[in-house]
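Here is the structure we will look at, set down as structure tokens.
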Amino acid sequence: MDVPIWAWAAVLAVIVVMLAIDLFAHRTAHVVGVKEAAAWSAIWVSLGLAFGGIVWWAYGAQAGGEYYAGYLIEKSLAVDNVFVFALIFTYFAVPREYQHRVLFYGVLGALVFRAIFIAGGAVLIENFAWILYMFGAFLVYTGWKMFRHRDDQMDLSRNKLLALAKKRIPSTEEYHGQKFWVKQAGKWVATPLFFVLIMVETTDIIFAVDSIPAIFAVTQDPFLVFTSNAFAILGLRAMYFLLADLIDRFIYLKAGLAAILVFVGIKMLLLDVWKVPIWLSLGVIATCITVAVVASLRATRDRHPIADGAAVEREEALR
């Protein structure tokens with residue numbers, strides 16, 4: 001695709017404007033309830049789908065299909081991020097009203113790091129075409145590993161990066177609102193929220209190692225890879241607040257994500273044998289995530305957890 005500079009600039013401008021609007025809307029710390037999260041999720045998803053329509057109109061069905069496939073892959077893998085974010089927030093006992101601020105900067109960092117990864121991946125593919133086969137093998141291995149360890153839980157108490165950061169950075173054990181740093185006895189110290197941000201950013205980078213090669217499996221166009229990533233990531237915060245109280249019900253989700261990674265990995269390995277049509281890729285990816293979600297909800301339909309966000313909204317309504 002021959003994408004002019006002004007198109008790149010326009011996309012970046014839209015991203016910056018939407019981030020600014022989101023930051024302004026959440027300028028004061030408050031608990032993000034289910035209704036608010038659902039409204040923002042609808043906005044972000046509509047924006048992502050609408051941009052895909054623009055790509056389709058401007059560059060044709062093939063480019064539009066590749067964008068939507070990349071967007072769906074990133075959206076699917078983003079649900080796994082929600083699991084990890086919930087674990088991090090629980091471990092640090094982060095008050096719900098402070099979680100959005102951490103996720104906002106987490107998403108900002110994710111956009112920067114993924115742009116770097118995408119640029120690096122595009123250069124590698126352009127100069128070393130065989131790197132696609134390495135990506136494919138890596139995705140098959142990652143998918144198989146994810147399936148085998150789908151029930152494992154991250155143990156943050158053993159995280160070496162977190163232990164090193166706490167050892168080297170002066171800190172306080174108390175939260176000070178939404179602040180990452182505070183001054184105590186004339187000395188700047190990190191609040192627990194800063195270490196939460198470190199873990200969120202680290203998690204984003206780790207997930208990017210899986211998702212970027214996966215999107216390169218459906219398109220090698222840097223513009224489509226970046227935009228599908230960016231518009232999917234923009235809705236990550238709203239997705240977290242919408243699904244965080246339901247994560248214990250998605251028991252088959254990791255199996256579905258593992259199947260997606262294995263599929264796109266095999267698709268890469270077969271590039272010189274058979275080029276899988278983009279619509280088949282889109283269908284397989286959508287089927288994997290749909291089956292995983294539906295099967296999970298059916299298997300756990302007897303569970304009736306009271307979502308914290310919904311409980312807060314009910315309590316406020318009764319006042």
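For the chain, the 222 nm mean residue ellipticity estimated from helices alone, with every DSSP H stretch of n ≥ 4 adding -39500 (n - 2.57) and the total spread over all residues, rounds to -25000 deg cm²/dmol. When 180, 216 are compared by accessible area of protein heavy atoms, the largest-first order is 180, 216, using a 1.4 Å probe. Summing charges over all other residues whose Cβ lies under 14 Å from the Cβ of residue 226, with Lys and Arg as +1 and Asp and Glu as -1, gives -2. For segment 69-82, 3J(HN,Hα) computed residue by residue from phi via the Karplus equation (6.51, -1.76, 1.60; θ = phi - 60°) reads 5, x, 4, 5, 4, 5, 4, 5, 5, 5, 4, 5, 4, 4 Hz, glycine and proline entered as x. Charged neighbours of residue 59, selected by a Cβ distance under 15 Å, balance to -3 (K, R count +1; D, E count -1). Shown here is the pair-distance distribution of segment 156-207: with all Cα-Cα distances grouped in 10 Å bins from zero up to the longest one, the shares run 24, 52, 21, 2 percent. Total lysine pairs in the chain at Cα distances under 23 Å, for residues eight or more apart or on different chains: 16. Gyration tensor analysis over the Cα atoms of segment 91-184 returns equivalent ellipsoid semi-axes of 35, 20, 14 Å (largest first, whole Å). For residue 176, the solvent-accessible surface with a 1.4 Å probe is about 60 Å², rounded to the nearest 10.
Expressed as a rounded percentage, what relative contact order does segment 51-162 have, with Cα pairs under 8 Å and six or more residues apart?
Working: 21 pairs, mean separation 20.3, N = 112.
Relative contact order, segment 51-162: 18 percent.
Round to a whole angstrom and tell me the spacing of the C-alpha centers of segment 179-219 and segment 231-246. Cα centroid of segment 179-219 versus Cα centroid of segment 231-246: 16 Å apart. Take the Cα of residue 160, step 7 Å toward its Cβ, do the same at residue 137, and the gap between the two points is 2.5 nm.
Averaging the sequence gap over all C-alpha pairs within less than 8 Å and six or more residues apart, then dividing by the number of residues, gives segment 125-252 a relative contact order of 19 percent.
For segment 239-254, backbone phi angles converted through the Karplus equation (6.51, -1.76, 1.60; θ = phi - 60°) give residue-by-residue couplings of 4, 4, 5, 7, 10, 4, 7, 10, 4, 5, 8, 8, 6, 9, 4, 5 Hz, Gly and Pro being listed as x. Our summary gives the chain a relative contact order of 33 percent, counting only alpha carbon pairs under 8 angstrom and 6 or more residues apart.
Ranked highest first by the average count of other Cβ atoms within 10 Å around their residues, in what order do 37-44, 132-139, 226-233 fall?
Top to bottom by mean Cβ count within 10 Å: 226-233, 132-139, 37-44.
Stokes-Einstein diffusion of the chain at 20 °C, 1.002 mPa s viscosity, Kirkwood radius from Cα pairs, rounded to a whole number: 103 µm²/s.
Relative to the longest principal axis of the C-alpha atoms of the chain, give the angle of the C-alpha long axis of helix 308-318, reported between 0 and 90° and rounded to the nearest 10°. Value to nearest ten degrees: 60.
For residue 171, the residues whose modelled amide H falls within less than 5 Å of its own, excluding neighbours fewer than 5 places apart on the same chain, are 190. Sites counted here are GluC sites (Glu not before Pro) in a DSSP loop (not H, G, I, E or B) having no more than 11 other Cβ atoms within 10 Å; the longest part of the chain that contains none of them is 1-172.
The values are calculated or read from the model by the stated rules, or taken from the named source; none is laboratory data. Since this is a predicted model, take the numbers as computed values, not measurements. Heads up, the Cβs are rebuilt from the backbone with ideal geometry, glycines too, and the neighbour counts pull from every protein chain shown. Note: accessible area is taken over every heavy atom of the protein model, side chains too, but ligands, DNA and RNA are not part of it. Shrake-Rupley method; radii C 1.70, N 1.55, O 1.52, S 1.80 Å.
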